[in-house]
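Taking it in order: structure first as structure tokens, then the write-up.
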Amino acid sequence: MKEILSGNEAIARGAYEAGVKVACAYPGTPSTEILENTIRYREIDSSWATNEKVALEVGIGASFVGARSLVTMKHVGVNVAADPLFTLSYTGVNGGLVLVCADDPELHSSQNEQDSRNYAKFAKVPMLEPGDSQECLEFTRLAYEISEKYDTPVLLRTTTRISHSKSVVNLGERTDLVREAKIEKNPAKFVMLPGNARVRHVVVEERTVQLSKDGCSMPINRVEMRDTKIGVITAGISYQHVREALPEASVLKLGMVHPLPFDLIREFAAKVEKLYVVEELDPFIEEQVKAVGIPVIGKEIISICGELTPGRVRKAFGLPENAQTTVEKLPGRPPNMCPGCPHRGVFYTLNQLKAYVSGDIGCYTLGFMPPLSAMDTCVCMGASIGMATGAVKVLPPEERKKVVAVIGDSTFLHTGINGLMDMVYNKGAATVIILDNRITAMTGRQENPGSGHTLMNDPANAVDFELLCKAIGVKNVRTINPLDLDECRTVISEEMERPETSVIITDKPCVLIKREGIFKAGAPLQVVDESCTGCRACLKIGCPAIEWIPSSGKKGKAHIDPLLCNGCDVCSQLCKFSAIQEAK
Amino acid sequence: MSDKVTNIVLVGVGGQGILLAAEILSETFMLAGFDVKKSEIHGMSQRGGSVVSHVRYGKEVFSPMVPEGEGDILFGFELMESYRYLSLLKPGGTVVVNDLCIAPPAVLVGQETYPADMALKIQELCPDCLLVDGQNLAIEAGNARAANTVLLGAVSKRLDIEEKYWIEAIEKMVPKKALDVNLKAFQMGRGLK
Ligand SMILES: Cc1ncc(C[n+]2csc(CCOP(=O)(O)OP(=O)(O)O)c2C)c(N)n1
Ligand code: SF4
Ligand code: SF4
């Protein structure tokens, strides 16, 4: 059967066909939809873990007792999961284990542009890189075979343009050789104490040599001979851009990007006049090819930064660019928090209080944007609290009070708890605001351990944030309604004054939550023209439902789009003239 | 079948339903027997950011991204976003654009103004431009929310694909209860000169 699938959907399908029993992940663009699709297959137990390290450990546990497991994450998630990954390389697997890491060249939706292929080399595990959705399906299946044949976890690397592009896929059947789980003890392999690990390290090195050799005859490493003037070594999405931009060039398309099939590369190099590597981000293939003494051109002509496009490849090879229409400069259209978003009032208040906001990652990172302009740092998930502790250690007393960490519910549960425990333990006197909107909103509203449901939609325990913070030892824990600006101001300023750790928890949900009984929109508000003086106070929260109409009245007036307004009532609290009222 | 790949670029504002329209296009081309690729960035699509989707079909498609300056059709859901991405269109390419302005954040708060005469400027640069009053035609068809389908109808008329494949794709992708209105909206779009 033929279907149009995204790379992510095809990976989910491939896992199903490969007989996977357990799929575990922490969401992250562009990887999220893989687990949102494995739930279509009842045979797979799919779950969101609290973070990527836990996700991988769940996958490892299932593998060690014999089942095939799938673990997925975005590139920076691998940083979190790196600890188990490096030693998993030594233990190897029992049931096949595939870790999908989705890179994001061009930073469409990420905080850095790291090249995860380096993890394959660093952790000494094979990595496959598909170039379209059909390959996503096939390589996923193959990855399980390689995993079990070579006793190794396998990394499957995608990029945004692979994960989120759709193409035609031929579907297969689920294998009838699904491995059953059972306890099999094998301490020499699974207990990594120095004595055992020393032995396993040798196995790992031999495995890499073997894979490099066998890679030369794997069909996924494919030579396409055309004109021999130019030979290009490439992989993944770059292959597609090369075929588009240089249709006559000979190509060595690598399906396995680690370890490299050096003999095959030598053979190909000998057949072409000039050899190139076309790859996004780091000179990962290029440096290794150069290291074995094969002359090749790569980053001399292709940028390390950003993603490739057919046009960029063409330009790198000195081909004429297409004629393009140029247009005048336009206002940008950055994303914005939704109308009625519960984060807005908190950031407005932090701006007013001139706080130094130690930020974190989620929808609330948009609090950085004007007019809210209330986020001063953003490094990685969970970092807000530790960074606040560090700043407070060294700032003079009057500045110390200004330090406020803000963190979302999902991010707090991901890696924020450890930071808070440390802050209390080491007497860090900062204020922490947990923005509990009952969901992992940024990545498209995934459930989390605080939201009361699982990925499979079963009811689950919901973490009680207040109790949790108290158990950690926070003495001052207060819950506020973030849509009440007076309450926000009073409570946040009181806690900022306090020379001790305090936690403030907000309790209003994301407006996009669809589940019954969680979010309820209020009646839309309207601006009463006669009362609006054109003071612009309501514009300070940047709600997309409020538009400034310069031509209205003498100074201009505000207007609320009744179709967009969620009736959160925050704007009306800013209007001193009671011009914003419920629409009649 | 010729080797020519046809390139369509869909642009607009997050939340306008661009991704669904791109799905319907892709499905249609697959049903008509073509190789299809579609690529988009949708991380921020729900937060009102600008959204671009590339759809390409032909005998064999390599890159999922429309090469700069090779777009055959720009399918625009909003005027300023359509103007912004004209560089993807080939010289002499076709524009089908919704006659709609959505103010971006800086315009909402009165810091900048929405650029004047967007429709005119697009027409100046691309004479083969159809300006569609999607909203009103959709209301005429029975539901304001079918504006995208009116536009889709207009785009379909500019591509050499049999009508039955379009209908089949719409029937597959649009919820049952909205189907009649959407089929009517599609035909109204197809009828536009
Ligand atoms: C290590 C890591 N994993 C995943 C992500 C992707 N990501 C960014 S923010 C976020 C979750 C945000 O949820 P929450 O903290 O609840 O804030 P909200 O978006 O709901 O406001 C995720 C999963 C990331 N940036 N880094
Ligand atoms: S998705 Fe939810 S949390 Fe994110 S901006 Fe919208 S309302 Fe706020
Ligand atoms: S009540 Fe005001 S701030 Fe809230 S959504 Fe409506 S317009 Fe925006």
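The values are calculated or read from the model by the stated rules, or taken from the named source; none is laboratory data. What you are looking at is a predicted structure, and each value in this text was computed from that prediction instead of being measured. Neighbour counts run over all protein chains shown; Cβ positions are idealised from the backbone, glycine included.
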If we ask which residues in segment B:66-80 are buried (at least 23 other Cβ atoms within 10 Å of the Cβ) and within 7 Å of chain A (Cβ to nearest Cβ), their number turns out to be 2
Subset of segment A:1-35, residues surrounded by fewer than 23 Cβ atoms within 10 Å (Cβ to Cβ) and away from chain B (no Cβ under 13 Å), comes to A:E17, A:G19, A:K21
Note on A:H258: of the conditions (1) surrounded by fewer than 22 Cβ atoms within 10 Å (Cβ to Cβ); (2) under 27 Å from the mean Cα position of the chain (by Cα); (3) away from chain B (no Cβ under 14 Å), unmet is (1)
Okay, helices (runs of 4 or more DSSP H) sitting entirely in segment A:88-204 with 3 or more residues that are away from chain B (no Cβ under 14 Å) and in contact with a strand residue (DSSP E or B) (Cβ under 8 Å, 6 or more places away or on another chain), I get A:117-123, A:133-149
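Within segment A:389-446, how many residues are among the acidic types (D, E) and either crowded, with 18+ Cβ neighbours inside 10 Å or near ligand 1 (Cβ under 10 Å from one of its atoms) (or both)? Give the steps one after another, and end with the answer.
Applying the first criterion (among the acidic types (D, E)) to segment A:389-446 yields A:398-399, A:409, A:422, A:436.
Okay, now just the ones that are also either crowded, with 18+ Cβ neighbours inside 10 Å or near ligand 1 (Cβ under 10 Å from one of its atoms) (or both), so A:409, A:436.
Matching residues across segment A:389-446 total 2.
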The number of residues in segment B:48-72 that are in contact (Cβ under 8 Å) with a residue 24 or more places away in the chain, farther than 19 Å from B:L159 by Cβ and of a type in the set (G, A, S) is 4
If you check A:N170 against the conditions, is it within 21 Å of the chain's Cα centre (by Cα), surrounded by fewer than 24 Cβ atoms within 10 Å (Cβ to Cβ) and of a type outside the set (S, T, Y)? no
Apart from one, (1) more than 7 Å from chain A (Cβ to nearest Cβ); (2) modelled with pLDDT of 95 or more all hold for B:Q111; the odd one out is (2)
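If you go through segment A:479-490 one residue at a time, do you hit one that is more than 14 Å from every other protein chain (Cβ to nearest Cβ), touching a Lys or Arg at 6+ places or on another chain (Cβ under 8 Å), within 16 Å of ligand 3 (Cβ to nearest atom) and without any contact (Cβ under 8 Å) to a residue 60 or more places away in the chain?
From segment A:479-490, those more than 14 Å from every other protein chain (Cβ to nearest Cβ) are A:479-490; that's our starting set.
After this cut, where a residue has to be touching a Lys or Arg at 6+ places or on another chain (Cβ under 8 Å) as well, the list is A:481-483.
Cutting the leftovers down to within 16 Å of ligand 3 (Cβ to nearest atom) gives us A:481-483.
Remaining after also requiring without any contact (Cβ under 8 Å) to a residue 60 or more places away in the chain: A:481.
Yes: one or more hits.
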Among (1) farther than 30 Å from A:P30 by Cβ; (2) within 16 Å of ligand 3 (Cβ to nearest atom), A:T431 falls short only on (2)
Selection from segment A:362-379 of residues within 12 Å of ligand 2 (Cβ to nearest atom) and part of a loop (DSSP other than H, G, I, E, B) yields A:G362, A:M369, A:L372
Result of the Cβ filter at 6 Å on segment A:493-509, keeping first residues that are away from chain B (no Cβ under 14 Å) and partners that are part of a loop (DSSP other than H, G, I, E, B) and more than 16 Å from ligand 2 (Cβ to nearest atom), at least 6 apart or interchain, is A:S493/A:L353; A:M496/A:K401; A:P499/A:A429; A:E500/A:A429; A:T501/A:G428; A:T501/A:V474; A:V503/A:V474
Given (1) within 29 Å of B:G69 (Cα to Cα); (2) more than 14 Å from every other protein chain (Cβ to nearest Cβ); (3) crowded, with 17+ Cβ neighbours inside 10 Å, A:G311 misses just (2)
With the first residue restricted to segment A:531-543 and required to be more than 10 Å from every other protein chain (Cβ to nearest Cβ), and the second required to be part of a helix (DSSP H, G or I) and at pLDDT 95 or above, Cβ contacts under 6 Å at 6 or more apart or on different chains are A:A537/A:L574
Condition set part of a loop (DSSP other than H, G, I, E, B) and touching a Lys or Arg at 6+ places or on another chain (Cβ under 8 Å), scope segment A:427-444, selection farthest from the other protein chains (Cβ to nearest Cβ): answer is A:A429
Selection from segment A:320-366 of residues without any contact (Cβ under 8 Å) to a residue 60 or more places away in the chain, among the hydrophobic types (A, V, I, L, M, F, W, C) and within 13 Å of ligand 1 (Cβ to nearest atom) yields A:F347, A:L366
Taking segment A:65-79 and keeping only residues that are surrounded by fewer than 23 Cβ atoms within 10 Å (Cβ to Cβ) and either more than 25 Å from B:I41 (Cα to Cα) or more than 14 Å from ligand 1 (Cβ to nearest atom) (or both), one is left with A:V65, A:G66
The residue that is surrounded by the fewest Cβ atoms within 10 Å (Cβ to Cβ), considering only those in segment A:490-532 that are within 16 Å of ligand 2 (Cβ to nearest atom) and not in a loop (DSSP other than H, G, I, E, B), is A:I505
